[in-house]
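**Student:** My structure is below; once you've seen it, I'll send some questions.
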Amino acid sequence: MTNQRRPSVLVAIADATDRGFVGGIAVEMGFPTISVGSEAAAWRALRSLDAGIVIVELPPGAGEGTLLCEQIRKFTSDECVVGAVAGRNGDGDLRLGLASGVDDLITRPFSFGQVTNRLLALEQLLATRRSLHETEREATRLRWLAEVGQAALTFQHEINNPLTALYAHLELLQSSNQTSASAAELASAVAQARRIQAVVTELAQPSRSSQRRITESRLQAAR
Amino acid sequence: MTKPHPAVTETILLVEDDEAVAAALARALSARGYRVIVATSGHKAVCLADEHCGPIHLVISDVVMPKMSGIQLFDRLRTWYPAIRFLFISGFNDAPISRNHFDDGRTSFLAKPFAVGELVGAIRSLLDAESHQPALLV
């Protein structure tokens with residue numbers, strides 16, 4: 001995986017030592033990384049960086065970190081993943097972190113290997129989530145196209161019935177005694193009806209079952 | 001100009017829920033010399049076939065109709081009259097007709113819209129097939 005393809009990482013940890021440690025590991029792993037020490041700086045960076053992975057500090061009790069997590073969720077929807085570092089790993093801290101929208105929680109003290117593996121896991125989670133979103137967008141688009149196709153077929157049916165009657169009436173008129181002028185008018189009317197038929201047929205052509213394209217979709221990758 | 005066909009004496013049961021289409025096709029086929037019985041639903045077609053005194057040589061039926069579809073009508077009439085000739089017509093080019101319906105050569109499909117000449121061509125193909133006998137005998 002090249003550096004250009006790796007998601008950007010925003011490290012927002014107040015403690016300078018931890019910030020440098022986590023940020024340094026991210027840089028070493030090849031992630032474009034910005035490290036900040038406050039919520040305000042994190043918020044500014046998030047808007048400009050388009051970060052895929054955000055590492056925030058989760059302080060004991062409701063605080064700056066949880067608010068930032070909630071804001072990230074509102075701002076980015078599920079388009080980024082959030083890892084939190086915490087000083088405690090009690091049930092309450094875990095519940096608080098998950099409730100605020102973090103995807104992973106790591107408790108101090110953490111090692112180089114723990115941070116590395118957590119970053120890799122977050123990167124994989126981000127890729128899976130983005131793939132899922134892409135699949136959902138494609139599914140929405142296909143549903144819309146299916147509805148358009150169905151509407152086209154219904155439209156074709158609704159037009160084909162009166163066209164059938166029109167052809168029959170025109171033929172009855174053509175078979176009756178007529179002047180050369182009216183014969184020309186009738187021939188012109190038939191030609192215009194043929195034009196309508198061609199347009200309607202062309203409109204519904206992509207909706208014909210024989211024209212359906214089957215493409216592979218990797219649903220397993222979008223869990 | 002279409003010439004009359006005085007030699008044609010065949011009877012057609014035309015089943016079409018769109019009354020304008022039914023009326024236009026009935027007039028056009030009558031002008032070609034066919035005797036046409038019109039039904040605007042599958043149920044009416046069954047009743048008319050049952051009440052009709054004389055042979056019905058061919059059934060022309062729309063496929064998509066409320067309550068009784070053309071397929072259901074076909075299945076009903078084929079049970080009673082196995083030799084019946086049947087021409088499906090539909091504005092849906094992908095009408096839900098299975099290949100089994102066409103295996104015996106006594107059934108065909110014509111997509112709307114069609115010229116009366118095309119319709120008559122399809123009718124003749126079915127009626128002029130070998131071992132032709134009136135399909136509905138009372």
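**Student:** When only alpha-carbon atoms count, how far does the range B:33-80 stretch along each of its three principal axes, as whole angstroms with the largest first?
**Tutor:** 28, 22, 14
**Student:** Put a dot 7 Å past each Cα toward the Cβ at A:Trp144 and A:Ser180; how far apart are the dots in nm?
**Tutor:** It works out to 5.6 nm between the two label points.
**Student:** Compare each residue of the range B:12-43 in its chain alone against the assembly with all protein chains, and report those whose accessible area goes down by 40 Å² or more; 1.4 Å probe, heavy atoms.
**Tutor:** B:Val21, B:Ala24, B:Arg27
**Student:** Given labels modelled 7 Å from the Cα in the Cβ direction, how far is it in nm from B:Arg76 to A:Ser111?
**Tutor:** Simple spin-label model gives 8.0 nm for this pair.
**Student:** Right, next: If we count every other residue with Cβ under 9 angstrom of B:Thr40's Cβ, Lys/Arg +1 and Asp/Glu -1, where does the sum land?
**Tutor:** Summing Lys/Arg as +1 and Asp/Glu as -1 gives -3.
**Student:** If packing is taken as the average count of other Cβ atoms within 10 Å, what order do A:89-102, A:181-194 fall into, highest mean first?
**Tutor:** Per-residue mean Cβ counts within 10 Å order the peptides as A:89-102, A:181-194.
**Student:** Separation between the A:Glu202 and A:Lys74 pseudo-spin-labels, each 7 Å from Cα along Cα→Cβ, expressed in nm?
**Tutor:** 5.1 nm
**Student:** Name the residues of the range A:128-165, by number, that are at least 20 Å² less accessible with every protein chain in place than in the isolated chain; the surface is that of heavy atoms, probe 1.4 Å, without ligands or nucleic acids.
**Tutor:** A:Leu153, A:Gln156, A:His157, A:Asn160, A:Asn161, A:Thr164, A:Ala165
**Student:** Right, another one. Tell me the net charge near B:Gly117. Cut-off is 10 Å between Cβ atoms, B:Gly117 excluded, with +1 for each Lys or Arg and -1 for each Asp or Glu.
**Tutor:** In short, -1.
The values are calculated or read from the model by the stated rules, or taken from the named source; none is laboratory data. Everything quoted here is computed from the prediction, not taken from an experiment. When we count neighbours, we look across all protein chains shown, and the Cβ atoms used for this are built from the backbone with ideal geometry, even at glycine. For accessibility, only protein heavy atoms count, side chains too; no ligands or nucleic acids. Shrake-Rupley method; radii C 1.70, N 1.55, O 1.52, S 1.80 Å.
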